[in-house]
Amino acid sequence: MKPHVMGWDREAMDVKRVVDVFRVDPESVGNGTPVERFPDPELGTALIPAARYYSPEFMKLEWERVWTKVWLLGGRGDDLNEPGDYICTDIGKESVLIVRQADGSIRAFPNVCLHRGNRLRPEGRGNAESFQCMYHHWTYGLDGKLDHIPDLCTFHQGGPPGMTLTALPCVEWNSFVWFSLDPNVEPFEDFIDPLKRHLEPYHPERMAWKRDVTVEWDCNWKASVDAFSETYHVQGIHPQLKWYLDDVNVQIDCFGKHNRYLIPFAAVSPRVAMPSQIPPAIQEIMVHAGMDPAEYEGRVSDIRRDVQLFKREHGAAQGKDYSELNDEQLTDDYHYTIFPNVSVNVHSDDIMLFRQRPHATDPNKMYYDIWMFELVPEGEEWPERVRHQTFKHGDKSIGQVLDQDAFNLPTVQTGMKSDFYPGLWIGDQELRIRHFHKVLDDYIYADGKQPTDL
């Protein structure tokens, strides 16, 4: 089945070859991840104003109308295995404690003592029988209730109303935990729709932590979301990936608040001539699947399909259950943006998830979380949880591809402030960026008012 790729005239693009990519029949996937192409939304061709990437006023609107109104990714459920296990995660000026309760449920609270505003825990994870403020030893139970106020008799007004931290909405879904700063947030089922059917077949609960890194980047959080929402930049920033994936025959879908693209992996970009030998990057894909590239007798153009067939045949013997995934998912990158700030590359054997968080005060900075998980074959020992690392841009390498993005984004942020740059000039290959900003506008201008200079 030939893909419909945004109606582009591929022969008129800067490509050397026109490639017809194998795609599974949408009617064959049953209850699995949908593969049919969604209709393109009518989003127009207007500029996306550059000021929204550096304006303090727009940053304030985002905080008031987006970050405090939506569901946000807090962490992994397997970091909350026992009662008292907690995750402390920061978002903007706020910090949130997500805690496993004695009955197995989870609860979330602002990470702030009601006495003098001290943070109860630093960002990270741990286990506690209670949360005692280090300042004056006000002590809270796992359920957020104040268990003890030293010298309570000296407070003539009594304890704070309710004697409890504010309960925040939180849920577990697909091995991850989510929270909201809005007590009246819409039901999570409505917010995440329709991605439950899309993502649950990957069974991330079978995947263990492989990497946990936070990097401070010198760019606005939206610049990072943009960078992971299109393959148009592969030819420029990531030329080595042209020997690993097809950056032209990409299916783009927008639905509700979220969007995705489907990228053929184990393929060679139509922007380069087909090589006579298997590129090293594709050899790695074959080896990871259990194939021997030295014994492969097919054409380079056939490898993607042959890897799919090999994994389908041998996966069970390797302890890998691919039964809920279609053939495309055995090689390809199904990449989703979960509004507002989660970019997730889902694959049959691993998940690469990027959480893009705003800086508390500076629209020109952000925090970039790299969470990677790898499928643990049935019968193998579950590996030890990796250590979280945090550093600033340039202190350490985060891998060739991400280093390339990290190097480029600060110059994008700087350039956007030019008086000669009014805004983003978006093409069809960047439809996901336009859709993302449309959803952002739906939140920020929900009152019907339109921006004047932002």
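For Asp247, are the conditions met, namely being in contact with a Ser or Thr (Cβ under 7 Å, 6 or more places away or on another chain) and free of Cβ contacts under 8 Å to residues at least 40 places away in the same chain?
yes
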Looking only at region 232-254, count how many residues are aromatic (Phe, Trp, Tyr) and surrounded by fewer than 20 Cβ atoms within 10 Å (Cβ to Cβ).
2
Positions within region 322-373 being among the polar types (S, T, N, Q) and in contact with a strand residue (DSSP E or B) (Cβ under 9 Å, 6 or more places away or on another chain), in sequence order
Gln329, Thr331, Thr337, Asn341, Ser343, Asn345, Ser348, Gln356
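For Ser397, state whether it is of a type outside the set (A, V, I, L, M, F, W, C), in the same structural domain as Leu241 (by TED's automatic domain parsing) and either open to solvent by 80 Å² or more (accessible area, probe 1.4 Å) or farther than 22 Å from Ile48 by Cβ (or both).
yes
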Filtered residues of region 100-126 (kept if surrounded by fewer than 12 Cβ atoms within 10 Å (Cβ to Cβ) and touching a Phe, Trp or Tyr at 6+ places or on another chain (Cβ under 8 Å))
Arg116
Confirm whether Thr411 is assigned by TED's automatic domain parsing to the domain that holds Val225, without any contact (Cβ under 8 Å) to a residue 12 or more places away in the chain and not charged (D, E, K, R).
yes
When only residues in region 160-217 that are among the hydroxyl-bearing types (Ser, Thr, Tyr) and within 19 Å of Leu142 (Cα to Cα) count, which is surrounded by the most Cβ atoms within 10 Å (Cβ to Cβ)?
Ser180
Criterion violated by Ser229 - all others in (1) part of a loop (DSSP other than H, G, I, E, B); (2) in contact with a helix residue (DSSP H, G or I) (Cβ under 7 Å, 6 or more places away or on another chain); (3) of a type in the set (Gly, Ala, Ser); (4) open to solvent by 20 Å² or more (accessible area, probe 1.4 Å) satisfied
(4)
Failed criterion for Gly74 (all others in (1) part of a loop (DSSP other than H, G, I, E, B); (2) farther than 25 Å from Val412 by Cβ; (3) modelled with pLDDT of 95 or more hold):
(1)
Which residues, taken from region 355-394, are surrounded by 13 or more Cβ atoms within 10 Å (Cβ to Cβ), of a type in the set (D, E, K, R) and not in a loop (DSSP other than H, G, I, E, B)?
Arg355, Arg357, Asp369, Glu374
Being surrounded by fewer than 17 Cβ atoms within 10 Å (Cβ to Cβ) and modelled with pLDDT of 95 or more is the requirement here; does Ala46 meet it?
yes
Does Asp190 qualify as being over 25 Å from the mean Cα position of the chain (by Cα), modelled with pLDDT of 95 or more and not aliphatic (A, V, I, L, M)?
no
Counting just the residues of region 196-225 that are in contact with a strand residue (DSSP E or B) (Cβ under 8 Å, 6 or more places away or on another chain) and of a type in the set (Asp, Glu), which one comes out farthest from Leu330 (Cα to Cα)?
Glu216
Only residues in region 313-337 that are more than 24 Å from Asp246 (Cβ to Cβ) count as the first member; pair them with residues that are assigned to a helix (DSSP H, G or I), Cβ under 7 angstrom, at least 6 apart or cross-chain, and list the lot.
Glu324/Pro201
Could you list, ordered by first residue, the pairs with Cβ atoms under 7 Å in which the first is in region 67-78 and of a type in the set (Ser, Thr, Tyr) and the second is open to solvent by 10 Å² or more (accessible area, probe 1.4 Å) and in a loop (DSSP other than H, G, I, E, B), at least 6 apart or interchain?
Thr68/Leu181; Thr68/Asp182
Looking at the structure I just gave you, is Tyr54 of a type outside the set (D, E, K, R), at pLDDT 95 or above, open to solvent by 20 Å² or more (accessible area, probe 1.4 Å) and in contact with a helix residue (DSSP H, G or I) (Cβ under 7 Å, 6 or more places away or on another chain)?
yes
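The values are calculated or read from the model by the stated rules, or taken from the named source; none is laboratory data. Remember, predicted model here, so these are calculated numbers, not experimental data. Positions of Cβ are backbone-derived with ideal geometry, glycine not excepted, and every protein chain shown enters the neighbour counts. Heavy atoms of the whole protein, side chains included, go into the accessibility calculation; ligands, DNA and RNA do not. Shrake-Rupley method; radii C 1.70, N 1.55, O 1.52, S 1.80 Å.
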